[in-house]
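First the structure, in the form of structure tokens, and then the observations on it.
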Amino acid sequence: MSHILNNIKQHLSITLMIILLFMNGALLFNKLRGQDLVAVWQGPLMPGKRYVLPDRIPTAMAKVQEAEVPIKKVFSEEKKVDPFNEAGYVVQVGSFIYENAAEALQERLKNNGLIAHSLNRTEVVQLNQIQAGPFESYVQAKEAEIKLLAGGMDEIKMERSAEGYVLSLGRSYLLGYAIYELEKAKALSVSPLRILKVSAELPVLKVFLGPFPTKDQAKSMSVRVEESGMSVPEIKAWPYSNDKG
């Protein structure tokens, strides 16, 4: 009989302990529900640890307000100097009427580690004028013109001067091309023929290195270019003057 009573007491004790643990758990859960999420856990997540989360989002976290983050000044406020706006000197390495010729020189300089720039200016240049004549009469000039047209030379302009009638067959900056055109006219049995130097205002591409702040720096670069054999450089004041030439 006493053995049975002892068993009943043990079962009652165990049941009472379970009830007390359940009540303490309920009280703790209700307490956590009334706290902010920050009060529940502020540290980093830990593997293997269980976290009790509330069933509602705290009012303090319901709205996320955009914070004003101060912008750190990364760039210096020091004024940047553009060398093209400053006075100095440039090393002029070429003047070209034809753009492809200027680009070819710039490429050669680049292959030698030199970065060149180009500037378009209107200047008075010397051209090679190809002429047939002078002829004493209009008829002679017209006969020569017919031969030239038949040979495919269509850029012909007849003019009358103090010498007589002259046929202009075109002009070229390159003397070699002018001689080639003259030989074509000669092969068509046209004579007399000649090449004259004439002046004309044309856009010219100036290829240069720099600008350099001092003349000594420009001289040093000029020597380097001359020793490379790519061109015969000239030292010019920068910016270029407004006068032509």
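The values are calculated or read from the model by the stated rules, or taken from the named source; none is laboratory data. A quick note: this is a predicted structure, and the numbers were derived from the prediction, not measured. Quick reminder, even Gly has a Cβ in these numbers, built from the backbone with ideal geometry, and neighbours come from all protein chains shown.
What the table shows:
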item: Of the criteria (1) within 26 Å of ALA87 (Cα to Cα); (2) surrounded by 14 or more Cβ atoms within 10 Å (Cβ to Cβ); (3) modelled with pLDDT of 90 or more, which one TRP238 fails; result: (3)
item: Total residues in the stretch 162-187, condition in contact with a strand residue (DSSP E or B) (Cβ under 7 Å, 6 or more places away or on another chain), of a type in the set (Gly, Ala, Ser) and loosely packed, with under 13 Cβ neighbours inside 10 Å; result: 0
item: Pairs with Cβ under 8 Å, 6+ apart, first in the stretch 149-176 and closer than 10 Å to PHE135 by Cα, second among the small types (Gly, Ala, Ser) and part of a strand (DSSP E or B); result: GLU163/GLY133; GLY164/GLY133; TYR165/GLY133; VAL166/ALA132; VAL166/GLY133; LEU167/ALA132; LEU167/GLY133
item: Among residues of the stretch 213-224, those that are more than 17 Å from ILE115 (Cβ to Cβ) and without any contact (Cβ under 8 Å) to a residue 24 or more places away in the chain, counted; result: 3
item: Residue list for the stretch 86-141, filter: surrounded by 14 or more Cβ atoms within 10 Å (Cβ to Cβ) and farther than 26 Å from PRO203 by Cβ; result: ALA132, GLY133, PRO134, PHE135, GLN140, ALA141
item: Number of the exception - GLU123 against (1) part of a loop (DSSP other than H, G, I, E, B); (2) within 30 Å of ALA218 (Cα to Cα); result: (1)
item: Lone qualifier among SER199, SER118, SER222 - being assigned to a helix (DSSP H, G or I), touching a strand residue (DSSP E or B) at 6+ places or on another chain (Cβ under 6 Å) and at pLDDT below 95; result: SER222
item: Residue pairs meeting the criteria (Cβ under 9 Å; at least 6 apart or on separate chains; first under 10 Å from THR122 (Cα atoms), in the stretch 188-212; second of a type in the set (Val, Ile, Thr) and assigned to a loop (DSSP other than H, G, I, E, B)); result: LEU202/ILE97; PRO203/ILE97; VAL204/ILE97; LEU205/ILE97
item: Residues of the stretch 147-161 satisfying the condition of being surrounded by 12 or more Cβ atoms within 10 Å (Cβ to Cβ) and of a type in the set (A, V, I, L, M); result: LEU148, LEU149, MET153, ILE156, MET158
item: Test for LEU205: is it within 26 Å of GLU103 (Cβ to Cβ) and assigned to a loop (DSSP other than H, G, I, E, B); result: no
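The rows are residues; the columns are (1) more than 30 Å from LEU149 (Cα to Cα); (2) among the aromatic types (Phe, Trp, Tyr); (3) under 26 Å from the mean Cα position of the chain (by Cα).
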site	(1), (2), (3)
ALA178	no, no, no
LEU188	no, no, no
SER191	no, no, no
ILE195	no, no, no
ALA200	no, no, no
PRO213	yes, no, yes
SER220	yes, no, no
MET230	yes, no, yes
PRO239	yes, no, yes
